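Asks: I have a structure I would like to understand better, so I am pasting it below and will then ask my questions one at a time.
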Amino acid sequence: MIRKLIYTTCMLFVWADCLSQSSDDAYKEPLKQVLVQIEKQYGIKIRYSENMVSDRWVTYARWRFRPDVEKTLSNVLASQDLSFSKTGDKSYKISAFQYHLKTVEEGKAQLEYLSSLYNDAASWEKRKAALRACMFEALKLSPVPAAPASKPITTPVRKMDGYTVENIAFEVLPGVYTAGSLYRPVKVKGKLPVVLGPDGHWDKHRYRPDCQYRCATLARMGCIAISYDIFAWGESLLQFKPEDHRRSLAMTVQALGALRILDYLLQLKEADTSRVAISGGSGGGSHTMLITALDDRIKLSAPVVMLSTYHSGGCPCESGMPVHLCGNGTNNAEIAAMAAPRPQLVVSDGKDWTAHVPETEFPYLKKMYAYYGKPELVENVHLPTEGHDYGINKRIALYEFIGKHFKLDLGKVKDKDGKFDESKVTIEPEAALKVFGENGEKLPANAVRSYDQLKAMFP
C-alpha cells in the first residue's frame, strides 16, 4: 500500500511537471519518463535496455500521443531513431531503427513507383546504366582499385569421389585476403562452367555441410565451383574482429573479392566464360544480386531466400554502403532486375521476408524480362512450408536450373530412381577447408590486422 502511494505521488509530480511546460521549452521530457507514461496510460509493458533510453529527450512529447498505442509509440520513437516490435498481447520491445526494413505495403508501393520509371527495354537500360555507375561510386569502387600482383595462395589438392577440393586465398587489396575452397570435377572434358558460391549469415561459415554439398555436387555435375568467405567471417577473422563485419566497408570488400575471384577463375584455360553463375543464400543472396548487377560476366544468377521489396538486408555487408539510395532510391527487386535478360532463379520460402515473392517480386521480374522478349528466363521456386536456409530442396532447384541452362548431365548426380543424390560428397572437417592453417599460422606477413588499416585504403 505504501509502495503504491509513493508511485502515485511520484506520477503526480511527473504530471505536474508536464503541465508546467510550454512551447517555450518545446514540451521537452526525458524519453524514459515518456515511456513510463505510455505504459501506464495504455496498460502495456515495454522492454528496452537502459543505455538505449538514458540521456534522451523527446520534444513535444505528450503532443505525440494518440488514442492508438502503436501510433503513439511510432510518433515518440521516430524522433529518437528507435523502432518497436510487438512481443505479446500487451507487450513491446524497443530496438534501434531498422533502416533496411519497410512494411510489406511500403515495399509494394516503392516497386510500383519504380515500375513507372520505365516502360520498355530502352528506358530500363538507361536507368540500369545510371544505377550501375552509382553503385560503383557508392561502394567506393569507381575506379576499381588495381589488383595486387600476388598470385592466389593454394593448398594441396584433395581427391574425392568425382571431384577435387583445394583451398585458395586471393589478395583483394594489399594485405587483405579472401579465402575459399575450390571444387573441380575429376575428369575435365572441354570448357567448364564456373559457379561462385558466396557464404551467407549462418553458423559455421563456409565450412557448413550445405556449402560443401552444393559446391561438391556442382563439381560432380561438371562445374568449377568456389565457396568463399564474406568479410570478417571464416578465415577473414584472422585479420579482422567479428564486429568489423558490421562495418560499412564489409560490403565493399565482399564485392571487390567477387570481382577478383572472377578475374582469376575466368582466365583459367578450362573455364567457359559464356557459362558463369553465382548463387548464395541469405546475405550471400544479397551479394548474388549485387554482383550480378555490377558485372556482366555473370551469365546466370540464383539468389536464395533473400529477394524482397521491403527488406534490403539487415547487415552493413548488405546495405552499409548507399547502394540502395542510388537512382533516388532502389530496392533488391530492382537490383535483381538488372540481371535481365540473363537467366535468373529466385528461391523463396514461406517463413521469412521472401514469403511474398510469388505475388509481388516475381511478377515484376517477369515483366522486366518480357521487355527483352524472354520472360521464361526468370523462374521462381517457392517453398511455402520451408524457412530461411539453403537446404536440400533449395539446392535441388539450383542443380536443375544450372543443369538446364548450362546443358549439364544431371545423371551424374542422380541415383537409379532419378533422384538427386548427395551421398557421394565427403563432408570435411573445418580444419581441412582452411588456407592459412588450423590456427592461422600460415597467414602472410603482409596481412593487415585491423579495420583502421583497411579504412586507410579508402580515403
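Asks: Applying a 10 Å radius around every beta-carbon, put 286-295, 139-148, 42-51, 396-405 in order of their mean neighbour count, most first.
Replies: Descending mean neighbour count gives 286-295, 396-405, 139-148, 42-51.
Asks: Which of the helices in the chain meet the span-like rule: DSSP H, Cα axial reach of 30 Å or more, Kyte-Doolittle mean at least -1.0?
Replies: Span-like helices in the chain: none at all.
Asks: At 0.36 nm per residue, and after removing the present C-alpha to C-alpha distance, how many nm does the segment from residue 63 to residue 296 gain when stretched out fully?
Replies: 78.6 nm
Asks: If you place +1 on the Cβ of every Lys and Arg, -1 on the Cβ of every Asp and Glu, and leave all else neutral, what size is the dipole of segment 121-452 about its Cα centre, to the nearest 20 Debye?
Replies: With only Lys, Arg, Asp and Glu charged at Cβ, the dipole is about 1000 debye.
Asks: How big is the Rg/Rh ratio for segment 219-318, C-alpha atoms only, Rh by Kirkwood, two decimals?
Replies: On the Cα set of segment 219-318, Rg over Rh gives 0.98.
Asks: Taking just the alpha carbons, could you work out the radius of gyration and Dmax for the chain, both in angstroms?
Replies: Every Cα atom of the chain included, Rg and Dmax give 25.5, 87 Å.
Asks: For residue 200, which sequence-distant residues (separation of 5 or more, or a different chain) have an amide H within less than 5 Å of its own amide H, given hydrogens modelled in the peptide plane?
Replies: Excluding prolines and chain starts, which carry no amide H, the hits are 281, 284.
Asks: Can you give me the distance in nm between label points at residue 123 and residue 420, each placed 7 Å from the Cα along the Cα-to-Cβ direction?
Replies: Placing both labels 7 Å beyond Cα along the Cβ direction yields 3.9 nm.
Asks: On a straight-distance basis, which lysines could pair with residue 28 in a cross-link, Cα separation under 28 angstrom, same-chain partners fewer than 8 positions away excluded?
Replies: Candidates past the 8-residue exclusion: 4, 40, 45, 71, 86, 90, 93.
Asks: Using a simple spin-label model with points 7 Å from Cα along the Cα→Cβ vector, what separation in nm is obtained for residue 392 and residue 248?
Replies: 4.5
Asks: Follow-up question, since we're still on this one. Can you give me the long-range amide H partners of residue 82? Hydrogens built in the peptide plane at 1.01 Å from N, cutoff under 5 Å, separation of 5 or more residues or another chain.
Replies: 97
Asks: Leaving out same-chain residues fewer than 8 places away, which lysines sit with a Cα under 20 Å from that of residue 442?
Replies: 151, 241, 434
Asks: Residue 272's amide H: which non-local residues (gap 5+, or another chain) put their own amide H closer than 5 Å, with H modeled 1.01 Å from N in plane and none for Pro or chain starts?
Replies: The answer is 192, 194.
Asks: Relative to the present Cα-Cα distance, how much length would full extension add between residue 23 and residue 99 at 0.36 nm per residue of separation?
Replies: Extending this stretch completely gives an extra 24.3 nm.
Asks: Can I ask one more? Distance from the Cα centre of segment 343-399 to that of segment 103-133, in angstrom?
Replies: About 19 Å separates the Cα centre of segment 343-399 from the one of segment 103-133.
Every number here is computed from the coordinates shown, using simple stated rules; none is lab data. Note that the structure is a prediction, hence the values are computed from the model and not measured. Counting neighbours? That spans all protein chains shown, and the Cβs are built from the backbone with ideal geometry, glycine included.
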